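One structure is given below, encoded as structure tokens.
The values are calculated or read from the model by the stated rules, or taken from the named source; none is laboratory data. Computed from a predicted model, the values in this text were never measured in an experiment. Cβ atoms come from the backbone with ideal geometry, glycine included; neighbour counts cover every protein chain shown.
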Amino acid sequence: MKANRLGIKAILLTVVCALIIGIGASPANAVGKQQHVVVSKADFHFIVDGKVYHAPKDTQGFLYNNRTYVPIRFASYLLENWVVWDQKTSTVSVTVPDDNQLKQLQSYKKQYLMPNVDTSKPASAYKKENIYALVDAAGYNFFGKEQSIPKDVTTFLHKGTLYVPLRYFAELIQHEISYDSATKSIIMNSRGGSDTGNNGNNNNGNNGGSTTNPDNGTGGTTAPGGGNGGTTNPGTPGEVDKPTRAELVSAAKAQLSRMETRLTTLAFSLYEKYEAATTAEEKQKYIDEGFALMGQTDADVQAVIDQLNKDLAKYDYEIGNDGAEFLETYKAKKEAALAKFL
């Protein structure tokens with residue numbers, strides 16, 4: 001009994017650590033608030049160049065506050081854009097695929113092609129569901145440009161899938177998108193320039209194809225496709241724009257905030273798996289993963305602080321106490337959590 005209690009507490013501690021990672025972040029920078037949300041799910045028709053697709057059952061779109069929400073990965077794949085999830089920064093990047101990625105996307109789409117569906121009527125009625133989601137839990141980069149979320153837009157991260165309002169997605173993806181509420185149809189037309197292949201209106205489009213699946217985007221797994229994250233701008237030789245000291249410190253705070261989101265998601269997922277486990281071996285596995293996550297958190301926090309100090313030195317700024325204060329606060333709160341839980 002005691003071992004089980006300690007196991008649960010160890011996993012809960014990862015949640016506590018996640019919640020205190022955002023040290024130094026102002027409320028305006030805080031991301032990833034968890035809450036229960038009542039949504040109305042439906043099996044939308046996704047119509048792309050005349051062909052009809054339905055999302056996997058576990059990633060269906062929904063209606064919330066009179067806005068239609070779509071799973072960003074699935075919708076992007078239908079338009080043959082590549083999606084990469086960066087765990088460390090909780091950022092989703094949408095890019096134009098290379099030739100190999102394009103083949104994978106085309107194969108993926110065939111799995112969800114519905115050639116004989118009547119789109120003159122909805123595929124399903126709305127069904128209310130209470131979901132537990134992280135709100136505004138990610139950063140967005142579309143075609144190499146970081147995008148900020150408008151104040152009137154709410155996004156959700158639920159069971160590893162990101163959902164965004166259809167209108168906002170249309171603006172980011174730079175495609176023509178419309179919605180027919182009577183038939184629950186999302187009409188997306190590909191445009192030249194992103195090389196989405198044929199745009200015929202025939203509902204055939206199925207030839208075999210490989211079974212490579214570009215991933216449904218669950219949880220903290222690294223999304224397929226090479227290359228991620230940080231792009232360097234080669235610029236021109238000579239002077240480059242020098243970030244201010246405040247900008248460097250703010251960037252470190254933002255990274256810690258994003259880390260908070262990622263860890264909270266992982267920790268709660270771990271806790272749910274622990275609760276669902278039926279054998280002692282399974283439970284021990286999740287206990288071990290909980291402690292490993294704690295250890296990785298220590299290393300990740302230190303890495304952010306080390307990078308901050310390195311950047312400050314690189315641009316000839318006084319290193320100061322920012323990094324040391326971040327680390328001190330983190331350690332103090334973690335020790336308090338350990339004393340309380342263990």
- Message: For the structure I just gave you, tell me whether V92 is over 16 Å from I187 (Cα atoms), in contact with a Phe, Trp or Tyr (Cβ under 9 Å, 6 or more places away or on another chain) and in a strand (DSSP E or B).
- Response: yes
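Results for (1) in the same structural domain as T89 (by TED's automatic domain parsing); (2) touching a Phe, Trp or Tyr at 6+ places or on another chain (Cβ under 6 Å); (3) in a helix (DSSP H, G or I), shown as yes or no for each residue.
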{"position": "D288", "(1), (2), (3)": "no, no, yes"}
{"position": "A292", "(1), (2), (3)": "no, no, yes"}
{"position": "D300", "(1), (2), (3)": "no, no, yes"}
{"position": "I305", "(1), (2), (3)": "no, yes, yes"}
{"position": "K310", "(1), (2), (3)": "no, no, yes"}
{"position": "G320", "(1), (2), (3)": "no, no, no"}
{"position": "G323", "(1), (2), (3)": "no, no, yes"}
{"position": "L327", "(1), (2), (3)": "no, no, yes"}
{"position": "K333", "(1), (2), (3)": "no, no, yes"}
- Message: Within the range 50-89, take every residue that is assigned to a loop (DSSP other than H, G, I, E, B) and at pLDDT below 90 and give me the one that is nearest to the chain's Cα centre (by Cα).
- Response: Q87
- Go over the candidates L157, L102, L162 one by one and state the one that is over 15 Å from F46 (Cα atoms), in contact with a strand residue (DSSP E or B) (Cβ under 9 Å, 6 or more places away or on another chain), in contact (Cβ under 8 Å) with a residue 60 or more places away in the chain and not in a strand (DSSP E or B). L102
- Message: Out of the residues in the range 105-133 meeting the condition of being aliphatic (A, V, I, L, M) and in a loop (DSSP other than H, G, I, E, B), tell me which one is surrounded by the fewest Cβ atoms within 10 Å (Cβ to Cβ).
- Response: A125
